[in-house]
Amino acid sequence: MRDLDWDGCPNLRDLGGLPTPRSATGLTRTGRLARGPRREQLTGPGWSAARSWGLTTVVDLRCASEVGPRPGDPDVDPAATDGIDVVHAPTEDHDDAAFRRVCFPVLDSPEYWPHNWRILPRLVRTALETVADAAPGVLVHCSAGRDRTGMISALLLGNAGVAPDDVAADYAASVRAMAGRPSHAPTVDRQQGWTKAEVDAWLATTTPLVRDVAARTDVAFDAVGLGEHHRDRLRDLLTADAA
């Protein structure tokens, strides 16, 4: 099962278990990379389950102003996260005028992804390098685990040779998981109130964009200046016998 049952958090999945010709097993490797929403939702048992999965590093894609507990979050003993590295690697800068103008109207859509790496290439590159440099057992997350996490996950999976249709299905799973849920995003999230019919209509429009990103990951990597070493490392994390 790719879905991860870490108490308190919806929309958690292992990026392993997807077909790829680049792996000797024919599938991306499990227990190495996971995607999800804001970690503050995890309960104590949720953190224990994450440790059992093999969590070593959390890569937080959010802006600094988004980090921290919110009303309704569980009260967790700080010792629950002892030994787990938390690295902040934001992919967005909400003070950047060009980013605000171009991306804010479409922040809940993969339409903004190419603009993100065009306007803020250094931030996206740093996030990818942070994942690449971490030991296996990485959780990548943002607020909803859908948009910023969706962008990075699409690049990771496409780079690992996962078929664009499967990458788009992974994105769609997050859209469906978070529809109707508060995401605690810093901007208005239209999807919090969507019905199933609205989600279906949205995915018919947006999954082709995800497929295109997954089919052409080198375009994004070239745009942000990601080096070959880090491209290889990201691929190995999901495909090699020993990461």
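The values are calculated or read from the model by the stated rules, or taken from the named source; none is laboratory data. Predicted model only: the values in this text are computed from it and were never measured. Heads up, the Cβs are rebuilt from the backbone with ideal geometry, glycines too, and the neighbour counts pull from every protein chain shown. For the accessible areas, the whole protein counts, side chains as well, though only heavy atoms, and no ligand, DNA or RNA atoms are used. Shrake-Rupley method; radii C 1.70, N 1.55, O 1.52, S 1.80 Å.
Counting only the Cα atoms, region 90-131 fills a convex hull of 66 Å³ per residue.
Using Cα-only point scatterers and the Debye equation, what is log10 of I(q)/I(0) for region 1-66 at each q in 0.17 Å⁻¹, rounded to two decimals? Values returned for q = 0.17 Å⁻¹ are -0.64. Taking label points 7 Å from Cα along the Cα-to-Cβ direction, Val67 and Arg216 give a separation of 3.4 nm. In plain terms, the chain from Ala242 to Arg181 could stretch by 18.2 nm, reckoned as 0.36 nm per residue minus the Cα-Cα distance. Computed from label points 7 Å out along Cα-Cβ, the spacing between Thr56 and Asp93 is 3.1 nm. Placing +1 on the Cβ of every Lys and Arg and -1 on the Cβ of every Asp and Glu, with nothing else charged, gives region 149-236 a dipole about its Cα centre of roughly 280 debye.
For the pair Asp77 and Arg122 in one chain, pulling the backbone fully straight at 0.36 nm per residue adds 12.7 nm over the alpha carbon distance. For Leu33, the residues whose modelled amide H falls within less than 5 Å of its own, excluding neighbours fewer than 5 places apart on the same chain, are Leu15, Gly16, Gly137, Val138. Modelled label positions at Asp7 and Ala169, each set 7 Å beyond Cα in the direction of Cβ, lie 3.2 nm from each other.
Each eigenvalue of the Cα gyration tensor of the chain, multiplied by 5 and square-rooted, gives one semi-axis; in descending order these are 23, 23, 18 Å. Which whole number in µm²/s is D for region 101-243 by Stokes-Einstein, with the Kirkwood Rh taken over Cα pairs at 25 °C and 0.890 mPa s? Diffusion coefficient, whole number: 158 µm²/s.
Determine the relative contact order of the chain: mean sequence separation of Cα pairs under 8 Å and six or more apart, normalised by residue count, in whole percent. Contact order relative to length: 25 percent. Solvent-accessible surface of protein heavy atoms, probed at 1.4 angstrom with all chains present, puts Ser109, Ser52 in the order Ser52, Ser109, largest first.
Relative to the current alpha-carbon distance between Asp85 and Glu198, full extension at 0.36 nm per residue lengthens the span by 36.9 nm.
Rolled with a 1.4 Å probe across the full set of protein chains, the surface gives Asp241 an accessible area near 110 Å². Beta bridges per DSSP, both residues in the chain: antiparallel share near 25 percent.
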